[in-house]
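Notes for the one structure printed next.
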Amino acid sequence: MNPLDDWNRLKPDTELAVVKLLDQLQSSTSTQDLLDSYLYAKKLLAESMQAFIRTGIEERNETFHELRQRLHEEICRRYDGQVPAQYLKVPYGSRVHEELFTLLLQRRGTPVQADLLRVVTGDSVHTERRIREFRELGLDIHSSNENGHDVYMLGSLNIDTTFIPTIVRNIIKKDKRLSEADRKALLKKIGD
């Protein structure tokens, strides 16, 4: 199902849930009924808003893939022939990464509230982690707090290539199949 279909499917139930919650708030109802209405409406609102935001996100963000390709080419240029190809890749290319990047790119140069980004992921912890991962790739993402809200802003589309050794080093460190001696030998090729 595409996001527009999800949005159209979820919208009527969400409207009813919100009306029911409003009715519960305006009447002298039991605490449990009010809480049940709230939890139901909250769940549907979260799903609906996620689908709604995704309606504005294209299926494939070419800029996201081009940046990843440029980074991959630079990693290979530096380490091809020294480090096995399996360690010369660009991590963090999931659909969630692409959606978050798309939102930041659509609003490039302007602060985007973390709460808006969380709507796409449906999870605050993972949203903050994904943003850190973008920075690990050398993307120009700034964070600040404006009026009590955490915000992120995508600056330039230039990649800071000084992060490349760390990218490759982290991939090598995560390979549990490597012996300690092989791991150290590969890491030595990357440098400190």
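The values are calculated or read from the model by the stated rules, or taken from the named source; none is laboratory data. The structure displayed is predicted, hence computed values, not measured ones. Cβ placement follows ideal geometry from the backbone for every residue including glycine, while neighbour counts extend to all protein chains displayed. Ligands, DNA and RNA are excluded from the accessible area calculation, which covers all protein heavy atoms including side chains. Shrake-Rupley method; radii C 1.70, N 1.55, O 1.52, S 1.80 Å.
Things worth noting here:
- Selection status of Gln69, in contact (Cβ under 8 Å) with a residue 60 or more places away in the chain and open to solvent by 70 Å² or more (accessible area, probe 1.4 Å): no
- Where a residue in region 78-89 is among the polar types (S, T, N, Q) and its partner, wherever it lies, is open to solvent by 70 Å² or more (accessible area, probe 1.4 Å), with Cβ under 9 Å and at least six apart: Gln82/Lys189
- Near pairs, Cβ below 6 angstrom, 6+ apart or cross-chain, from region 25-53 (closer than 18 Å to Gly122 by Cβ and open to solvent by less than 60 Å² (accessible area, probe 1.4 Å)) to any residue that is outside any helix (DSSP H, G or I) and modelled with pLDDT under 90: Gln50/Gly122
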